[in-house]
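K.L.:
Supplied in structure tokens, the structure appears directly below.
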Amino acid sequence: MSRSSALVLAGFALLAAPALRATDLDSPLRFGLQVTAARPLQDLKAITGQTGTGGGLFFETDQGQGWTVRTRLDVLAFKENAARARGLLNDLVAPRAVKVSANQFSVGVELRHGVPGFARPFLLGGVTLSRVEFGTVGPVPSGSGIGWDKQKTSVKMGFAAGGGYRFTDALAFALRYTTISVSGVTLAAFEGGLEYRF
């Protein structure tokens, strides 16, 4: 393991240690896990019409007066989809399909606040730094017209906004709209997920 990787893991361990005390539910630092399902929108829907699944972990600090700040680590993967290759010969003889995929690893900071006058609903908004990978899987036939000829990988800033409902102190459900622009391609999704904080 490299020195930088060891430092990152050590930092996470230091952050998580206070929150992992099961008896200290009033600690200002909380740790939790989440599972997510996402429907692709805009250009991402053209790349893959499949529902994405993922998960991650988060650290949350209570800022008082209903405000919380959450640091999120997320992984989101969309199932490989078949995009029809466009070409005169293919159209006349037998249409060919090209496998395409999209994946995303994100680190984000999210600000949350309870809806005034209500105990359980909340609003959220934040920014993410994401490593996104999308494009074809395997060889692409000449003249396919897909618009890309290989996997593209990029690190970009994105945005998220939405809301949710807290069933208990530990369990909540959140919905968010996320968007990232990569080389003129808009990778947007509508995400819904269950969250459990310790």
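The values are calculated or read from the model by the stated rules, or taken from the named source; none is laboratory data. Just so you know, these numbers come straight off a predicted model, no measurement behind them. Here the Cβ positions follow ideal geometry from the backbone for every residue, glycine too, while neighbour counts run over all protein chains shown. Protein only, heavy atoms only, side chains kept; ligands, DNA and RNA dropped before computing areas. Shrake-Rupley method; radii C 1.70, N 1.55, O 1.52, S 1.80 Å.
K.L.:
Which FRET efficiency value, to the nearest 0.05, do you get for residue 57 and residue 183 by plugging their Cβ-Cβ distance into 1/(1 + (r/R0)^6) with R0 = 22 Å? Mind showing how you got there, number by number?
P.N.:
Values: r = 30 Å, r/R0 = 1.34.
FRET efficiency, residue 57 to residue 183: 0.15.
K.L.:
On the full set of protein chains, 1.4 Å probe, figure out the accessible area of residue 110 and give it in Å² to the nearest 10.
P.N.:
10
K.L.:
Using the basic label-point model (7 angstrom from Cα toward the beta carbon), what is the residue 67 to residue 161 distance in nanometres?
P.N.:
1.9
K.L.:
For the stretch 34-48, list residues with backbone N below 18 Å from a point placed 7 Å from the Cα of residue 152 toward its Cβ?
P.N.:
Label zone hits: 40-48.
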